[in-house]
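Input: a single structure, listed below in structure tokens.
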Amino acid sequence: MTDIDSVGGPSAGEQDKEEDKDKEFHFIAVAHRVVKGSLGLFYHYCLQWWKTSSEIALNNEIKTKDLNDAEKLGSTELLGNKYEDWEVWVYTGKKWLSDEPNWKKGKVKISFIHFSDKSSKLAAVYKDSKQKVKTKWDTILKNARSYGYAEQGESSFNGEFKKWPDSKYQFAYVDKPENNSNVFVRYMVSEAGLTMFELSGNHPPKNKNTPLRIPNIYSKKPWKKGEKAPPAPTTHR
């Protein structure tokens, strides 16, 4: 028995536990939630930076609500706006027996980068000291802000498109290429030098992590529904 034990003080093991309570563990996680209206068939990916009081294992899927003494320090995701918010002229080919282009008015979803999210499950894909995790997260944010396939700041967006038509939101299984929210997260993970961990569930398009240029079949830029539509283009670029 040590002197400190003999007077009722903490043992070495107890001291270690007390010190662990004061530790911070930082990690970056791939997270997801069910796509609204999909009846649980499809999931939407997002990326998160967490601080916890206890270390967690890499590539281990857990429920977000089960994180103990945790604080989310950052997040990012790609979302498409409401389908009925924007309209655009779509090139459908040449007119019958003519070289003139045919344009049809249609609704369109726009991809926007967000820096807040919600999730139901997650898995850590990177953990280290606070400073190293912050440096890695800063890289992810830099890449998200310069992502070539989405616009920035949906809430304050004034219609000045900088990435169109590549910022058109593409639906998995329907559009080609399938540049959606899940491709965005896989791409961010890869560009940060990390290895993607696929959570359980269906995250279409499967195994695709690189966005591709969208065919240029749209007018110069969309317009907000309710606004006067510009004249249809006279040529197809």
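One chain, two ends: T235 and E55. Fully extended at 0.36 nm per residue, the span grows by 58.9 nm beyond their Cα-Cα distance.
By its C-alpha gyration tensor, with a ≥ b ≥ c as the square roots of the eigenvalues, how is the chain shaped: rounded for a/c under 1.5, else prolate for a/b larger than b/c, else oblate? The shape class here is prolate.
Of S190, S116, how do they rank once you tally other Cβ atoms within 10 Å and put the fewest first?
By the 10 Å Cβ count, ascending, the order reads S116, S190.
By other beta-carbon atoms within 10 Å, ranking K127, K228, K95 with the fewest at the front produces K228, K95, K127. Legend: ranking of residues E227, E160, E198 from fewest to most surrounding C-beta atoms inside 10 Å; resulting order E160, E227, E198. The mean sequence distance of close C-alpha pairs (under 8 Å, at least 6 residues apart), as a share of the length of the chain, puts its relative contact order at 23 percent. When only alpha carbons are used to place a centre, region 180-237 and region 93-164 end up 7 Å from one another. Among the listed pairs K107/K208; K176/K220; K109/K176; K121/K163; K72/K224, a Cα-Cα separation exceeding 23 Å is found for K107/K208; K121/K163; K72/K224. With a simple spin-label model that places each label point 7 Å from the Cα along the Cα-to-Cβ direction, the separation between R213 and E191 comes to 1.7 nm.
Read-outs: derived from the displayed coordinates by stated rules, not from any lab. Not measured: the values here are computed from a predicted model. All Cβ positions, glycine included, derive from the backbone under ideal geometry; neighbour counts span all protein chains shown.
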